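Notes for the one structure printed next.
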Amino acid sequence: KNEVEQSPQNLTAQEGEFITINCSYSVGISALHWLQQHPGGGIVSLFMLSSGKKKHGRLIATINIQEKHSSLHITASHPRDSAVYICAVQANAGGTSYGKLTFGQGTILTVHP
Amino acid sequence: NAGVMQNPRHLVRRRGQEARLRCSPMKGHSHVYWYRQLPEEGLKFMVYLQKENIIDESGMPKERFSAEFPKEGPSILRIQQVVRGDSAAYFCASSSQNGYTFGSGTRLTVV
């Protein structure tokens, strides 16, 4: 079993739909990251969370530390949101916020007009 | 602030040659990480460095791969005697207390 599991692996939506991507992890963490990658492109950091909820534009990320679970929500989805969304966890590093990331396999999101 | 700079963006090497990938972290960041993304696979950790120190190299292949982050200049990931299986995207990231920033990656193709 991978340390970081994402679901679904593939997600297709119509423009305007509300989208949820889930991430479960099995190790103690200092932070959880949500990343976005376009085909052949670089990696953009969307959120870094250690508790609660963060919002940026149409994107919302939540984390439940007790249940070891996080969700990424996209409201009013748009074709330009089509990308791979990756959950990554940063292990406890002696109380610091530095450290390597362990990644989920990613969720391929396609939003049709 | 130009972010994390990686070069080259694309690199083609023949089998047996050496590949050198460079990464300049964000200004003020002294923690650098290298990750590899093999075709159709997820991202995997390779090595974590601070200036002049390797903190964690548990993800580095035992042979042919090395990394450094000197006091002056960029971090270098060096792959000696490349093989076709080394073809991948190599991403560098740097971090501060506020989070991670990734570079655009170097796409290495071994022919």
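The values are calculated or read from the model by the stated rules, or taken from the named source; none is laboratory data. The structure displayed is predicted, hence computed values, not measured ones. Glycine gets a Cβ as well: all are built from the backbone with ideal geometry, and neighbour counts include every protein chain shown.
To keep it simple, each residue is scored yes or no on (1) crowded, with 21+ Cβ neighbours inside 10 Å; (2) over 19 Å from B:Leu43 (Cα atoms).
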{"site": "A:Gln9", "(1), (2)": "no, no"}
{"site": "A:Gln36", "(1), (2)": "no, no"}
{"site": "A:Gln66", "(1), (2)": "no, yes"}
{"site": "A:Val89", "(1), (2)": "yes, no"}
Worksheet item: Can you name every residue in region B:91-111 that is surrounded by fewer than 16 Cβ atoms within 10 Å (Cβ to Cβ) and under 11 Å from the mean Cα position of the chain (by Cα)?
Response: none
Discussion item. So in region A:39-64, with the set limited to residues that are within 21 Å of A:Tyr25 (Cβ to Cβ) and of a type in the set (Lys, Arg), which one is surrounded by the most Cβ atoms within 10 Å (Cβ to Cβ)?
Written reply: A:Lys54
Discussion item. Checking the structure you have, find out if any residue of region B:67-79 is within 23 Å of A:Gly40 (Cα to Cα), among the β-branched types (Val, Ile, Thr) and within 14 Å of chain A (Cβ to nearest Cβ).
Written reply: no
Worksheet item: So B:Met46 fits all but one of (1) crowded, with 19+ Cβ neighbours inside 10 Å; (2) aliphatic (A, V, I, L, M); (3) at pLDDT below 95; what number is the exception?
Response: (3)
Fill in: Yes/no for B:Val12 being away from chain A (no Cβ under 14 Å) and assigned to a strand (DSSP E or B)
yes
Worksheet entry | Subset of region A:1-59 [more than 12 Å from chain B (Cβ to nearest Cβ) and not in a strand (DSSP E or B)] | A:Lys1, A:Pro8, A:Glu15, A:Gly16, A:Glu17, A:Phe18, A:Ser26, A:Val27, A:Gly28, A:Ser51, A:Gly57, A:Arg58
Response to the item:
Sole miss for A:Thr110 among (1) among the polar types (S, T, N, Q); (2) in contact (Cβ under 8 Å) with a residue 60 or more places away in the chain; (3) in contact with a Gly (Cβ under 8 Å, 6 or more places away or on another chain) is condition (3)
Discussion item. Suppose the filter is more than 14 Å from chain B (Cβ to nearest Cβ), under 23 Å from A:Pro113 (Cα atoms), at pLDDT 95 or above and surrounded by 13 or more Cβ atoms within 10 Å (Cβ to Cβ); does A:Ala76 pass it?
Written reply: no
Worksheet item: Do we have A:Thr107 as of a type in the set (S, T, N, Q), out of contact with any Ser or Thr (no Cβ under 8 Å at 6 or more places or on another chain) and either surrounded by 13 or more Cβ atoms within 10 Å (Cβ to Cβ) or more than 30 Å from B:Ile54 (Cα to Cα) (or both) here?
Response: no
Discussion item. With the structure loaded, tell me whether B:Leu49 is part of a strand (DSSP E or B), aliphatic (A, V, I, L, M) and within 14 Å of another protein chain (Cβ to nearest Cβ) or whether it fails that test.
Written reply: yes
Worksheet item: Out of (1) within 14 Å of the chain's Cα centre (by Cα); (2) under 26 Å from B:Thr106 (Cα atoms), what's the single condition that is false for A:Arg80?
Response: (1)
Worksheet entry | Tally of residues being under 15 Å from B:Leu43 (Cα atoms) and either more than 7 Å from chain A (Cβ to nearest Cβ) or in a loop (DSSP other than H, G, I, E, B) (or both) across region B:95-107 | 5
Worksheet entry | Index of the failed condition, B:Tyr35 passing every other in (1) on the phi < 0 side of the Ramachandran plot; (2) more than 12 Å from chain A (Cβ to nearest Cβ) | (2)
Worksheet entry | Of all residues in region A:81-96 being more than 20 Å from B:Gly59 (Cα to Cα) and at pLDDT below 95, the one that is nearest to the other protein chains (Cβ to nearest Cβ) | A:Thr96
